[in-house]
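The values are calculated or read from the model by the stated rules, or taken from the named source; none is laboratory data. The structure presented is a predicted model; accordingly, all values stated were derived computationally and were not measured. Counting neighbours? That spans all protein chains shown, and the Cβs are built from the backbone with ideal geometry, glycine included. Note: areas computed on protein heavy atoms with side chains; ligands, DNA, RNA excluded. Shrake-Rupley method; radii C 1.70, N 1.55, O 1.52, S 1.80 Å.
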Amino acid sequence: MEFLSFLTEPLQYGFLTRALVVTVCAAVVASVLSCWLILMGWSLMGDAVSHAVLPGVALAYIIGIPFSIGAFVFGAGAVALIGVVKSTTKLKSDTVIGVVFTGLFAVGLAIVSRTPSQVDLMHILFGNVLGVTDGELWQVVILGALTLAIVLYKRRDLTLFAFDRTHAHVIGLNTKALSTLLLGLMALSVVVGLQAVGIILVVAMLITPGATAFLLTRSFDRMLILAASITTVASVAGIYASYYLDISTGAAVVLSQSLVFVLVYLFARRTGIIWQAGNRRRLRRPTTPDDVGEPARLQPTGRA
C-alpha cells in the first residue's frame, strides 16, 4: 500500500504528470537518435546543435512565436554553417564545430542579456519541464512522434549509411541527403528535449542512452530497444527523484541516465571493467591437478 502511494502521490499533480509525459517523450526520441550519433561519431555535433539553438530560442521569445520554430531554424542553420566552413577551409570537423557553436551560443547569451524579459535564462539553459502548458505538451508530443516516425521509416538506409557510407553510395543511396536528414532530425530532437532539460543538458539525452546501450550489445536492433528502454526507466526515476528529493527535474533525469551508464560501465557482462578484471584474474590463476581432472578414457572404436 505504501509503495502504491509512493507511485501515485506525484501523479496527483497535473504539472508533474505533464512533466512525466514530456520528459519520457523527449528522452525516447533522443535515445533512438543517439544510437546513430554514437555509431557515426557525431556526439560533438549534438553538443554543437544543442548550444547553437539559444539565439533562436531568445529571438522566438522576443518575436512571440513558439520557441521550437526559432530553435529549429538556428539548429539547422548551425549544421549548414558547419558544413559550409568545413568544405571551404582545411580545418578539421571538431575545430569548425567548436568555433560555430560557441559563437552562436555567445550570440544567444548577448541577446538574452540585452533583452528585458520575464523569461528566466535558467529556464532556457536548464529547462522548465514543471512549467509545461498543455499546448507545449502537445507540441513536444507531435514533434517527437514526427521525428520518431521519420527515423523508423528510414531506419534501414540510415543504418547502412552509419556502418558503411561507401557501400551505401555504391548501391545508389543518396548519402548527402541521408546525412542532411540525420542532422535535421537531430535538430528536431534537440527542440523536443529543450523543454524537458534545457539547452545545456539536452546533449546528455543525445549521447548517454546510445553509449549505454552500445556497451551492452553489438546488435543494432537490440541497441535501439535497449536505449529507448533504459532512457524511459531513467526518466521516470528522475522525475520521482526530483519530486521526493526536491532537486532540479532536468538534472535528476540526466543523473539517472548517467547512473545507469556507470552501472553498465562497471558491471556489464564482457564490457564492464569489473567483469573484465575478474575474467583476467581467472585466466592468470595457476592450474592445479584438481583443475585438470581425470584423463578422458578412450572409447572403443569398434569390435576387435
| field | Any hit, region 119-128, residues being farther than 28 Å from SER242 by Cα and under 21 Å from the mean Cα position of the chain (by Cα) | value | no
| remark: Within region 202-234, of all residues that are crowded, with 24+ Cβ neighbours inside 10 Å and of a type outside the set (A, V, I, L, M, F, W, C), the one nearest to ALA26 (Cα to Cα) is THR231
| query | Is there any pair linking a residue in region 267-286 that is basic (Lys, Arg) to one that is surrounded by 10 or more Cβ atoms within 10 Å (Cβ to Cβ) and in a helix (DSSP H, G or I), with Cβ under 9 Å and at least six apart or on different chains, and which? | reply | ARG269/LEU216; ARG269/TRP275; ARG270/GLN276; ARG270/ASN279
| query | What number of residues within region 271-294 satisfy the criterion of being in contact with a helix residue (DSSP H, G or I) (Cβ under 9 Å, 6 or more places away or on another chain), of a type outside the set (S, T, N, Q) and modelled with pLDDT of 80 or more? | reply | 4
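Residues are listed down the side, and each one gets a yes or a no for (1) over 23 Å from SER50 (Cα atoms); (2) open to solvent by 50 Å² or more (accessible area, probe 1.4 Å); (3) modelled with pLDDT of 85 or more; (4) of a type in the set (Phe, Trp, Tyr):
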| site | (1), (2), (3), (4) |
| --- | --- |
| GLY144 | no, no, yes, no |
| THR147 | no, no, yes, no |
| VAL151 | no, no, yes, no |
| ARG156 | yes, yes, yes, no |
| THR166 | yes, yes, yes, no |
| THR175 | yes, no, yes, no |
| VAL190 | no, no, no, no |
| ALA196 | no, no, no, no |
| task | Please identify the pairs in which a residue from region 76-103 that is closer than 22 Å to ALA177 by Cα has its Cβ atom under 8 Å from the Cβ atom of a residue that is open to solvent by 30 Å² or more (accessible area, probe 1.4 Å) and outside any helix (DSSP H, G or I), counting only partners at least 6 apart or on another chain. | result | VAL85/LEU91; VAL96/THR89
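Kindly provide the set of residues from region 60-71 that are surrounded by fewer than 21 Cβ atoms within 10 Å (Cβ to Cβ) and in a helix (DSSP H, G or I), ordered by number.
ALA60, TYR61, ILE62, ILE63, ILE69
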| request: Could you please give the count of residues in region 264-279 that are of a type in the set (Val, Ile, Thr) and part of a loop (DSSP other than H, G, I, E, B)? | output: 1
| field | Tally, over region 245-263, of residues that are in contact (Cβ under 8 Å) with a residue 12 or more places away in the chain, assigned to a helix (DSSP H, G or I) and more than 16 Å from the chain's Cα centre (by Cα) | value | 1
| query | With LEU158, LEU137, LEU178 as the choices, which residue is touching an Asp or Glu at 6+ places or on another chain (Cβ under 7 Å) and in contact (Cβ under 8 Å) with a residue 24 or more places away in the chain? | reply | LEU178
